[in-house]
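I have placed the structure first, in the form of structure tokens, so that the comments after it can refer back to it.
The values are calculated or read from the model by the stated rules, or taken from the named source; none is laboratory data. Note that the structure is predicted; figures quoted are calculated from it, not measured. Heads up, the Cβs are rebuilt from the backbone with ideal geometry, glycines too, and the neighbour counts pull from every protein chain shown.
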Amino acid sequence: MALQLHSKITRVPALMTGTVAPFDWKLIKDKIELGKLLNIEPDDILINWDWHEKPLDWIEFAYSHTSDHMHDESQRERMIVNYLAEYPETIFDQDWLLSSIDWSLYDH
């Protein structure tokens, strides 16, 4: 939905776990290589476990420009539940995506 709002973006980078690299995807062997590709320190790539042992279910990048993002899953869940309790007819469409929401109002 977000890409549909931006007429100049036709492709985005993606990270996928798997046993083979499909199409023209690059196989990344470790966090050092991923860090070089993303221009980030390997220690700032946060994962639950070694992706060589089992597929990733979560990855986070500690970029300085994302430091204000909400990383507390319980808080995010609480906020959306409270928001939807107040607006139960919510439709997650482009109008909703473009609306400004003060999420702090739903953090209770």
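Every residue in the stretch 41-70 that is within 30 Å of Ser104 (Cα to Cα) and at pLDDT 80 or above, please.
Kept after step one, since they are within 30 Å of Ser104 (Cα to Cα), are these residues of the stretch 41-70: 44-48, 57-70.
The answer is Asp44, Ile45, Leu46, Ile47, Asn48, Asp57, Trp58, Ile59, Glu60, Phe61, Ala62.
Restricting the search to the stretch 9-66, which residues are assigned to a loop (DSSP other than H, G, I, E, B), among the hydroxyl-bearing types (Ser, Thr, Tyr) and free of Cβ contacts under 8 Å to residues at least 24 places away in the same chain?
Looking only at the stretch 9-66, we keep the residues that are assigned to a loop (DSSP other than H, G, I, E, B), and these are 9-30, 39-41, 48-58, 62-63.
Add one more test, that the residue is among the hydroxyl-bearing types (Ser, Thr, Tyr), and what stays is 10, 17, 19, 63.
Residues satisfying the conditions are Thr10, Thr19, Tyr63.
In this structure, does Ala62 turn out to be surrounded by 11 or more Cβ atoms within 10 Å (Cβ to Cβ) and hydrophobic (A, V, I, L, M, F, W, C)?
Working: surrounded by 11 or more Cβ atoms within 10 Å (Cβ to Cβ): yes; hydrophobic (A, V, I, L, M, F, W, C): yes.
The answer is yes for Ala62.
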Q. Do we have any residue at all in the stretch 83-97 that's in contact with a Leu (Cβ under 9 Å, 6 or more places away or on another chain), within 27 Å of Gln4 (Cβ to Cβ) and touching a residue at least 60 places away in the same chain (Cβ under 8 Å)?
A. yes
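Just wondering, is there one or more residues in the stretch 21-29 that are hydrophobic (A, V, I, L, M, F, W, C), at pLDDT 85 or above and more than 26 Å from Trp103 (Cβ to Cβ)?
In the first step, residues of the stretch 21-29 are kept if they are hydrophobic (A, V, I, L, M, F, W, C); the result is 21, 23, 25, 27-28.
Add one more test, that the residue is at pLDDT 85 or above, and what stays is 28.
Checking which are more than 26 Å from Trp103 (Cβ to Cβ) leaves us with 28.
Yes: one or more hits.
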